[in-house]
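Undergrad: Sharing a structure with you now.
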Amino acid sequence: MSVSAQPLELTLTGTAYGGEAFGRDANGRMVFVPFVLPGERILAQITQAHERWARARCLEILDPSPVRVTPRCRHFTHCGGCHYQHLAYAAQLEAKREIVVAQLKRLGGFADPPVRPTVASPTPWNTRNHMQFSVDSEGRLALQAAGSHRMVTIEECHLPEPSLGDLWPRLDLEPIDGLRRVVLRCGADDDCLILFEADRDPEVELTLDLPASVVWSSPAGPTVLAGAGHLVIQVGHLPLRVSAGAFFQVHTTLAGELVKGALAALAVEPRHAVFDLYAGVGLFSAFLAEAGAQVFAVENSADACADFDHNLDRFDSVSLFEASVEEALPAMDARPDSILVDPPRAGLGPAVVDALLARRASRLAYVSCDPATLARDGRRLAEGGYRLESVTPLDLFPQTFHIETLSVWAL
């Protein structure tokens, strides 16, 4: 469909999952626009047109929203790292709750989903313990531009924890053949780790005048160039080893709130059998084992499994299966009293949901980082007999459209 050059006056009526606001044109077609807010009247230019929907860019804000604020970062709207810096933080929390409700209604078929208020980050800035950067042709750190694969070199960023915020501007890299990405992570006592992700083995000269470990990761595996190949991240009273390539929640403080919520949801008692699926380095398993549960964990990543073994070595009540959930779950002999799942963004999928339904555990806690796949999986869980008790969004990703949720299900 052709794109009209004529500017369009549009009133925004809602927020879509993905960070855009939307409204309808005179023909009833849905139009999605980034960096604007519900309630605003704008002048827009269509950039992508389809029969039932379109995308546009904002040319002028005619009537601004009362919850619009001045973005903190000079790169906002150019860099794709943030989506909501123009929205007051309290309004971000409510917008995320409304998005979860909308996804559960539209994709999950839940008429009145029991979604609680979003749990706020203690601070809306400098919370991330994990940052990923691209590297431009001159060796400078960059983030992807909004809505494209173009790289934007940056001079400031207000997302990482202070230790990473101090570290990344000090990295001085020469162009390195095969280097795809630079990952920065931080843990307890402001310890930092630099991970170079590359397509080839390291052939580099390293001069390190920074308080950080350095790891090079290639198809051949990780190579520690300086310091240790892992960090220790403290969640509550428990220190957890996290290797350079292992997944961990990006917001350390709210990871602790996730754990508290999950344990309360599962109503764990001593000697209860609990399945921890997509167990990672053992974040949930460690606290479940402390509560007296018999834990049966499944994790596919070799790095994460090594960390899991280290982190839960003191417990005799824990079994770890190094396999995919799709492979392990149907073959596990134990009968669970409750199950916890924390899948990647793609969600569980039909095969895993069906295997969960076959287990008939009385309680299920589902940690999700994508409300759309949660809604899809939730529909199948509900059709199989589970009742949705509650959904709690947690703002692990302030200033962005990303939403973490903890949903609780019961038979």
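Undergrad: Would it be correct to say that R52 is under 30 Å from R379 (Cβ atoms), at pLDDT below 95 and either surrounded by fewer than 18 Cβ atoms within 10 Å (Cβ to Cβ) or touching a Gly at 6+ places or on another chain (Cβ under 8 Å) (or both)? Walk me through how you get there before you give the answer.
TA: Values: under 30 Å from R379 (Cβ atoms): yes; at pLDDT below 95: yes; either surrounded by fewer than 18 Cβ atoms within 10 Å (Cβ to Cβ) or touching a Gly at 6+ places or on another chain (Cβ under 8 Å) (or both): yes.
It is true that R52 is under 30 Å from R379 (Cβ atoms), at pLDDT below 95 and either surrounded by fewer than 18 Cβ atoms within 10 Å (Cβ to Cβ) or touching a Gly at 6+ places or on another chain (Cβ under 8 Å) (or both).
Undergrad: Another question, then. Hey, among D209, D177, D189, D199, which residue is touching a strand residue (DSSP E or B) at 6+ places or on another chain (Cβ under 7 Å), loosely packed, with under 13 Cβ neighbours inside 10 Å and not assigned by TED's automatic domain parsing to the domain that holds A306?
TA: Of D209, D177, D189, D199, the one residue that is touching a strand residue (DSSP E or B) at 6+ places or on another chain (Cβ under 7 Å), loosely packed, with under 13 Cβ neighbours inside 10 Å and not assigned by TED's automatic domain parsing to the domain that holds A306 is D199.
Undergrad: Given the options S317, S338, name the one that is touching a residue at least 60 places away in the same chain (Cβ under 8 Å) and polar (S, T, N, Q).
TA: Answer to the check: S338.
Undergrad: For segment 287-300, how many residues meet the condition of being among the polar types (S, T, N, Q) and part of a loop (DSSP other than H, G, I, E, B)?
TA: Step one: list which residues in segment 287-300 are among the polar types (S, T, N, Q), which gives 294, 300.
Those left that are additionally part of a loop (DSSP other than H, G, I, E, B): 300.
Total satisfying the criteria: 1.
Undergrad: Among (1) free of Cβ contacts under 8 Å to residues at least 60 places away in the same chain; (2) over 21 Å from the mean Cα position of the chain (by Cα); (3) on the phi < 0 side of the Ramachandran plot, which single condition is A273 missing?
TA: Of the numbered conditions (1) free of Cβ contacts under 8 Å to residues at least 60 places away in the same chain; (2) over 21 Å from the mean Cα position of the chain (by Cα); (3) on the phi < 0 side of the Ramachandran plot, the odd one out for A273 is (1).
Undergrad: Check off (1) in contact (Cβ under 8 Å) with a residue 60 or more places away in the chain; (2) charged (D, E, K, R); (3) closer than 26 Å to F247 by Cβ for E155 and give me the number that stays unchecked.
TA: Result: E155 fails condition (3) only.
Undergrad: Let me ask something additional. Can you name the residue in segment 137-167 that is polar (S, T, N, Q) and in a strand (DSSP E or B) and, of all such residues, is modelled with the lowest pLDDT?
TA: First pass over segment 137-167, keeping only residues polar (S, T, N, Q): 137, 144, 148, 153, 163.
Next cut, in a strand (DSSP E or B) only: 144, 153.
Values: Q144: 90, T153: 93.
So the residue we want is Q144.
Undergrad: If only one of F76, F110 is under 30 Å from H149 (Cβ atoms) and under 27 Å from the mean Cα position of the chain (by Cα), which one is it? Walk me through how you get there before you give the answer.
TA: Values: F110 fails: under 30 Å from H149 (Cβ atoms).
Only one candidate qualifies: F76.
Undergrad: Take the residues in segment 22-39 that are in contact with a Leu (Cβ under 8 Å, 6 or more places away or on another chain) and of a type in the set (A, V, I, L, M, F, W, C); name whichever of them is farthest from D63 (Cα to Cα).
TA: Selected residue: V31.
The values are calculated or read from the model by the stated rules, or taken from the named source; none is laboratory data. What you see is a predicted model; the values in this text were computed from it and never measured. Neighbour counts run over all protein chains shown; Cβ positions are idealised from the backbone, glycine included.
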